[in-house]
Amino acid sequence: MTQTLRLGIAGLGTVGVGVVKIIRRQAAMLEARTGRKIEITAVCARDAEKDRGVSLAGYAWETDAVALAKRDDVDVFVELMGGSEGTAKDATEAALAAGKDVVTANKALLAIHGQALAEQAEAAGQIIRYEAAVAGGIPVIKSLTEGLAGNEITRVMGVMNGTCNYILTNMEAKGQGYNALFDECAELGYLEADPNLDVGGIDAAHKLAILSSIAFGTKPNFDGIDIEGIQRITLEDIHQAADMGYRIKLLGVAQRSARGLEQRMQPCLVPVNSPLGQLEGGTNMVVLEGDAVEQVVLRGPGAGEGPTASAVLGDICDIARGLRIPTFGQPATMLEAAQPARTGLPAPYYLRTALLDKPGALAKVAAILGDAGVSIDRMRQYGHTNGTAPVLIVTHKTTRAALDIALATLGDTDVVALDPVALRIEEV
Ligand code: NAP
Ligand code: HSE
């Protein structure tokens, strides 16, 4: 295994350019570590004229990613274009069919078509590697498939979208609005081509679907994830949660119990002094819990040129060294269909609403919650402005179903001036 490993790279944006830079800068180090020369033979992007800030001299230019994927002088197809459908999928399938291994950073593609692609790869004797697809620079796929392979995984959770964490933490730290912070994320190269995937929680849910599959030996089940984005979170929520000792995070949780596989990606409150509560900016954190290891916490940059390219290079080096692990840690044909849990595990909830200044308003709210079986742990009412007062409630553990019954009834009363915002408080 001493011949040169020849790469074809499709996509020369934030990640692709980062990969080219490392391969040009660290050629000798990569060869020393893997025992093989690693070279780029061909590249592809949409615009051949664009200055990408890195030399592409010596690489053949392809206008069609599928053609690049099939080239005889390419051993590994590196897919860094993005998107679950269209060219990324077509070119990945073409590469596998042509006998190439694939490295990708594309979580959308794997969350939605991962099972079919894994089956195709395994039938053809090829492998798909995708460390960069989940939590950027954090080697979480390697941790789950290799380092923790001897554990029955009990829970996986994490903050896995840099954009959302950057926005949420800086809303609190700088008191800045959502739009200004969103623009900063664009400058930092964090955003997906469709940024609604970021703020809508979908990008992070793609990542959770992948982790969940490896952790629980199930086929990726993106459709089984309860997803809620951060668009409804206001500065008021952030400040009031902080007042009660919590931070708001877009948190993904996957756990399997006798009730089935529970997967959710939602804004949650976590204690301010917990590791997740302390996570700042575009940093990601993944918490892995196993029967033998107990708990492992991985923290690192979740997005951006360098960190993501670092993860892609880790995969390329593994292929150069001859490491061949099934896509989701065990043969794709052995993965079970996920059985989604019908109801989530009970948890305490944070509720924010505003009440009209009427006699008995608070009592009505307490009675409605009580009738639905939701018990109040703490309650705080702030001063009235223009006849309404913000009210915060922290409940004892309850099911989301019981809470939803209470929320629907609250909406029908004559005392509630603001549709309640309900956020789960996660035990971390
Ligand atoms: P990007 O900056 O938007 O770059 C995408 C690149 O793909 C561009 O060079 C574009 O060409 C090229 N491209 C798009 N459609 C193409 C097509 N049909 N044929 C040929 N080339 C095409 O995206 P990115 O941020 O580098 O992300 C790439 C992948 O990495 C995505 O799957 C993303 O989810 C994933 N990812 C990104 C990050 C991050 O921090 N950015 C982190 C982890 C994973 P032009 O430049 O000519 O337009
Ligand atoms: N858009 C993603 C994020 C990039 O903000 O985390 C990394 O996957």
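Each value in this text was obtained by applying a stated rule to the coordinates, not by laboratory testing. It should be emphasised that the depicted structure is a prediction, and the values quoted were computed from it without experimental measurement. Glycine gets a Cβ as well: all are built from the backbone with ideal geometry, and neighbour counts include every protein chain shown.
In summary, the convex hull built on the alpha carbon positions of the stretch 249-394 has an orientation-averaged projected area of 14.3 nm². For the stretch 315-392, applying the loop criterion from DSSP together with a ceiling of 14 other beta carbons within 10 Å to the chymotrypsin sites (Phe, Trp or Tyr not before Pro) yields TYR382. Compactness ratio of the chain: Cα Rg over 2.2 N^0.38 Å, N = residue count? Taking the Cα Rg and dividing by 2.2 N^0.38 Å, one obtains 1.08.
When shorter helices are ignored and each DSSP H run of at least 4 residues is given -39500 (n - 2.57), the per-residue value for the chain at 222 nm works out to -10500 deg cm²/dmol. Shape index of the stretch 5-133: Rg/Rh, with Rg the Cα radius of gyration and Rh the Kirkwood radius from the inverse mean 1/r over Cα pairs, equals 0.95. Within the stretch 140-301, the percentage of alpha carbon pairs spaced more than 26 angstrom apart rounds to 26%. With 15 Å as the cut-off, how large is the P(r) tail for the stretch 1-69, expressed as percent of Cα-Cα pairs? Of all Cα-Cα pairs in the stretch 1-69, 53 percent lie more than 15 Å apart.
Once both labels are positioned 7 Å from their Cα atoms along Cα-to-Cβ, the gap between ALA27 and ASP64 label points is 3.0 nm. Between GLY189, GLN231, SER212, the Cα set farthest toward the positive side of the dipole of the stretch 181-290 (charges on each charged residue's Cβ, about the Cα centre) is that of SER212. Using Cα springs under 10 Å in a Gaussian network model of the chain, which residue among ALA366, ALA45, ALA57 shows the largest mean-square fluctuation? Its mean-square fluctuation being the largest, the pick is ALA57.
Dipole size of the chain about its Cα centre, with +1 on Lys/Arg Cβ and -1 on Asp/Glu Cβ: approximately 700 debye, rounded to the nearest 20.
Projected over all directions and averaged, the alpha-carbon convex hull of the stretch 349-425 occupies 4.4 nm².
Protection proxy ranking of 132-140, 85-93, by the mean of other Cβ atoms within 10 Å over each peptide's residues and highest first, is 132-140, 85-93. Using 0.36 nm per residue and subtracting the Cα-Cα separation, the extra length available between GLN295 and LYS358 on full extension is 17.8 nm. Take each peptide in 105-118, 409-422, count the other Cβ atoms within 10 Å of every residue, and average; sorted highest first, the result is 105-118, 409-422.
Loop-located GluC sites (Glu not before Pro) in the stretch 21-75 (DSSP state not H, G, I, E or B) with no more than 11 neighbouring Cβ atoms inside 10 Å: GLU49. Dipole of the stretch 349-425 computed with +1 at Lys/Arg Cβ and -1 at Asp/Glu Cβ about the Cα centre; of ALA389, ILE405, ALA422, farthest Cα towards the positive end is ALA422.
Would you mind checking the pairs LYS174/LYS364; LYS50/LYS100; LYS174/LYS358; LYS50/LYS107 and listing those with alpha carbons more than 31 angstrom apart? Each step should come with its number before you reach the end.
Values: LYS174/LYS364 37 Å; LYS50/LYS100 28 Å; LYS174/LYS358 36 Å; LYS50/LYS107 26 Å.
With Cα atoms farther than 31 Å apart: LYS174/LYS364; LYS174/LYS358.
Within straight cross-link reach of LYS219, meaning Cα distance under 12 Å, which aspartates and glutamates are found once same-chain residues fewer than 8 apart are removed? Within the straight-line cut-off, LYS219 pairs with GLU119, GLU336.
Cα centroid separation, the stretch 140-163 to the stretch 351-403: 37 Å.
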